[in-house]
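Working notes, beginning with the structure itself.
Every number here is computed from the coordinates shown, using simple stated rules; none is lab data. All figures in this text were calculated on a predicted structure; none of them were measured in a lab. Cβ atoms come from the backbone with ideal geometry, glycine included; neighbour counts cover every protein chain shown.
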Amino acid sequence: MAAVTATSREYTTVNVNVENCQLIMQYGRKKFEWPHDVAITVNDDVVVVDSTNKDIVVMDKDMNMISAFGQGSGDSKLCYPVDIAVCDTVIAVSEYDNHLVKTFTPQGDYLSKFGSYGSGNGRFKNPQGLAFNSKGLLYVVDYNNRRVQVFDKNNKYLFKCGSEGSNPGQFQYPCYVALDSSDQAYVTDYSNSGGISVFSKDGHFVKKINCNYPWAICLTRDDYIIISQYDSLTVFSPTHQVISKFGRQGSQRGQFDNIKGIAVNSVGTILVAEFGNHRLQVIPT
């Protein structure tokens, strides 16, 4: 992801230029139904998961559709995809109801699947948020097991972050994960006291960033943090101080309804997947 530099300090409801926000309501001839996450490739292509249409949609940086996949047969078919992560050669997709993760090429060719229902290592109860680190390890938020599991490039379980509970380093409702430039993992916990839990690259709890009901999360290359809270976006500095907050409930430009995914491209443009407004909102900075 790209840097949010000085402009990040201008992310407020006052000076975000809502007139220039772009609202993407459809891809090809199909309308977005329930866009659940958005990610950016190394080439600034945009990848969106639509959980109701059961599509993974790939668009270029100008939001022209390149491809859509997920409605094939056999292992290529998606059931209820909710989150995605991208690296150079792989798109990973979490299948919430099937309790597994599938991987595809950026062109949509099926590669692999792993996981099954359960609480043992490598098993899931409703996997949700996904993220790759700089080494290609995949972090999977195991929502109803209240943990994050980490897998290598061959889908082999390595270690976990967190467990169920209300103590530091534990989760009530873990949802999404993102990695910083040092491969520390930031995991949102959707509860009043959950906040954002930070883990070292080998899975040890580091600290908690206090905030209420965080959901989607994105880290930029220079480690600014952007999260969704209800129908707004909050920006934290690399030292984890709140520097701005913008947005409110609504369907106009610069307004949001149930933000499920956030990404930032190489020029600092913020892309927001709005579950409630059935759209992708592109916010220039």
Run the simple label-point estimate for residue 125 and residue 267 please: 7 Å along Cα→C-beta, distance reported in nm.
4.6
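Quick one: 19, 33, 274, fewest Cβ neighbours within 10 Å first, how do they rank?
If I rank by nearby Cβ atoms, fewest first, I get 19, 33, 274.
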Straight-line reach check, residue 153, cutoff 20 Å on alpha carbons, 8 or more apart in-chain or any other chain, hits among lysines -> 102, 113, 135, 201
Give me the net charge for the shell around residue 162: Cβ to Cβ below 15 angstrom, other residues only, Lys and Arg +1, Asp and Glu -1.
+3
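Apply 1/(1 + (r/R0)^6) to the Cβ-Cβ distance of residue 183 and residue 163, taking R0 = 25 Å, and write down the FRET efficiency to the nearest 0.05.
Result of the calculation: an efficiency of 0.75.
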Just want the ordering: 103, 89, from fewest to most Cβ atoms lying within 10 Å of their own Cβ.
89, 103
What FRET efficiency comes out for the pair residue 73/residue 25, r = Cβ-Cβ distance, R0 = 30 Å, nearest 0.05?
0.55
In straight Cα distance, which lysines are under 22 Å from residue 31, not counting same-chain residues fewer than 8 positions off?
54, 61, 77, 260
Using a cut-off of 13 Å between alpha-carbon atoms, which aspartates and glutamates can reach residue 30, once sequence neighbours fewer than 8 places away in the same chain are excluded?
50, 55
Rounded to the nearest whole Å³, what is the per residue volume of the convex hull around the Cα atoms of the range 169-231?
69
Relative exposure of 221, 146, judged by other C-beta atoms within 10 Å (fewest first)
221, 146
Based on a Kirkwood Rh over C-alpha pairs, give the Stokes-Einstein translational diffusion coefficient of the chain at 4 °C and viscosity 1.567 mPa s in µm²/s.
70
Applying 1/(1 + (r/R0)^6) with R0 = 25 Å to the Cβ-Cβ distance of residue 64 and residue 113, what FRET efficiency is obtained, to the nearest 0.05?
0.25
